[in-house]
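Let me begin by presenting the structure, written as C-alpha cells, before commenting on it.
Every number in this text was worked out from the coordinates using simple rules, so none of it is lab data. Just so we're clear, the structure is a prediction, and the values are computed from it rather than from any experiment. Here the Cβ positions follow ideal geometry from the backbone for every residue, glycine too, while neighbour counts run over all protein chains shown.
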Amino acid sequence: MTSHEKAELIAQFADDMKAERIETLDVRKKTSVADFFIVCSGTSDVHVQSIADKVAERLAAQRIKPLRTDDKGQGWVLQDFGDVVLHVMREEKRQFYDLETLWKTTQIDPNLVD
C-alpha cells in the first residue's frame, strides 16, 4: 500500500467516526519524518480518543499497526504509521497549534526534492 493510499484510508476511517475538518497535508518535500499528515478534530476528549482507536483498529485489520501512539494530553492523540501521521485534536488545541499553517508555510527542503 502506498503512503497516499494509506493517507486516504486513514482519512476515510476518521470520517466514518464523524471526525470534523479532516485535512491531508502532503509533506513529502518538506520533511523526511513522513509523507502525509492527517489532521482532524473531535468534539470532545472521548470523541478524539474514539476516532484514534477506531482508525487503529480498522488499520490493524489490514495488518497496519502504528509505530507509536502518543496521547499528547487532553484533546490530542497522535498516531505514527511510519509514512503517515494522524493527529486527532479537540478544536481548541488544533487552533492553538495550527499544524496546517505551520506545514503549509514550511519551505520545501531542496534535499528532499526529486
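Under a Cβ-Cβ cut-off of 10 Å, what is the net charge of the residues other than THR2 that fall near it, where Lys and Arg count +1 and Asp and Glu count -1? So the environment of THR2 carries a net charge of -3. Across GLU20, GLU100, GLU92, mean-square fluctuation computed from a Gaussian network of the chain (C-alpha pairs under 10 Å connected) peaks at GLU92. Taking every DSSP beta bridge that has both ends in the chain, the antiparallel portion is near 70%. Across segment 52-67, the residues whose backbone nitrogen lies under 18 Å from the label position 7 Å along the beta-carbon direction of GLU5 are 58-66. Between the labelled values (1) 1.03; (2) 0.96; (3) 1.05, the entry that holds Rg/Rh (Cα atoms, Kirkwood Rh) as derived from this structure is (2). Counting other Cβ atoms within 10 Å as a rough exposure proxy, the listed residues SER41, SER50 run SER50, SER41 from fewest neighbours to most. Give the aspartates and glutamates reachable from LYS104 as a straight Cα distance under 13 Å; neighbours fewer than 8 places away on the same chain don't count. Result set, ordered by chain and number: GLU23, ASP26.
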